[in-house]
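Enquirer: For reference, the structure I am asking about is given below.
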Amino acid sequence: MSGPAYDGTVVLGRQLRRIRNNPGLLVLTQTMPISMLLFFGYVFGSALAVPGTEYRSFLVPGLLVATAAGGVMTGMFQSAQDVHRGVTDRLRTLPVSRAAVPLGQAVGDLVVTAAGTVPFLLVGLTAGWRVEGSATGALGAVGLLLLFRFACTWTGIFLGLLTRNEETAGQLGGATFLLPLLSGAYLPTQGLPDRLRTVAEWNPISAVAAALRVLFGNAPVPEGAAWPVAHPVAGSLAWCAVLLVVFVPLAVRRYAYGER
């Protein structure tokens, strides 16, 4: 039996075993968002005011999206590690679909992210966050979150194949922590200077964070924002589509042909 679906399933199994054998990275990526929720929610929560909503209700969706954006970092590091250690060259010699390896990596990351979202949401509920919208909206929020993570992971896979060095990828991946800071993940963008606000509102993280707040019923659509934030669900879907249309073919081609 062979084919892209079967080959991708085999690679997915390899990816899940790889994650299981590196528990330190798994623990770090799963506990960091919870630590940030407790720190920002309790240390800064009483000092920060968000018009129309309580800060923890504003923060939880933003942290979810910031964590999803971390798919750029994990995808970049893991694919660069495989190239640097010669694993990618060995996989290229096997009679498998060229899309199977990056696809298996992206789906494996998605499975781990979905599992890690559950304890984060439980901690959020314990901290006082609530789903104030409908069950359908909440399910839509989780689905959109996972779609964004999937798109970010493909972006990281391509960048990792491009850098070809796990140390360089680790350094560049660390810089992705700045992306949520230049967005509406942690604070509203309305109070930013005009130019910085424009940059923040055209950051995909801002659109997805706003969409989750609307779908969870935690905050209304921001007024006077740029189009992706003023129409957060449509804007988020558009950003995800752009990332997938651009980076899936680039990542598959880069994996298949290397530096050629």
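The values are calculated or read from the model by the stated rules, or taken from the named source; none is laboratory data. Nothing here was measured: the structure is a model prediction, and the numbers come from that model. So basically every Cβ, Gly included, is an ideal-geometry build from the backbone, and we count neighbours across all protein chains shown.
Enquirer: Within the set of pairs 6 or more residues apart or between chains, which connect a residue that is farther than 15 Å from Gln81 by Cα inside segment 10-22 to a residue that is part of a helix (DSSP H, G or I) with Cβ atoms less than 6 Å apart?
Expert: Short answer, once both residue conditions are applied: Val11/Ala100; Val11/Val101; Val11/Gly104; Leu12/Gly104; Leu12/Val107; Leu12/Gly108; Leu16/Gly108.
Enquirer: Another question, then. Out of (1) crowded, with 18+ Cβ neighbours inside 10 Å; (2) over 30 Å from Arg213 (Cα atoms); (3) of a type in the set (D, E, K, R), what's the single condition that is false for Arg98?
Expert: Of (1) crowded, with 18+ Cβ neighbours inside 10 Å; (2) over 30 Å from Arg213 (Cα atoms); (3) of a type in the set (D, E, K, R), only one is false for Arg98: (1).
Enquirer: Give the residues of segment 122-154 that are in contact (Cβ under 8 Å) with a residue 60 or more places away in the chain, over 23 Å from Leu244 (Cβ atoms) and either of a type outside the set (S, T, N, Q) or in contact with an Asp or Glu (Cβ under 7 Å, 6 or more places away or on another chain) (or both), sorted by residue number. Working first, answer last.
Expert: Here is the first cut: in segment 122-154, the ones in contact (Cβ under 8 Å) with a residue 60 or more places away in the chain are 123-124, 127-134, 137-138, 140-141, 144-154.
Add one more test, that the residue is over 23 Å from Leu244 (Cβ atoms), and what stays is 123-124, 127-134, 137-138.
Across segment 122-154, the qualifying residues are Val123, Gly124, Ala127, Gly128, Trp129, Arg130, Val131, Glu132, Gly133, Gly137, Ala138.
Enquirer: Now a separate question. For segment 124-155, which residues satisfy the criterion of being modelled with pLDDT under 95 and either under 17 Å from Gly70 (Cα atoms) or charged (D, E, K, R) (or both)?
Expert: Selection gives Arg130, Glu132.
Enquirer: From Ala225, Ala234, grab the single residue that is of a type in the set (A, V, I, L, M, F, W, C), at pLDDT 95 or above and either farther than 13 Å from Phe58 by Cα or not in a helix (DSSP H, G or I) (or both). Steps first, please.
Expert: Values: Ala225 fails: at pLDDT 95 or above.
The match here is Ala234.
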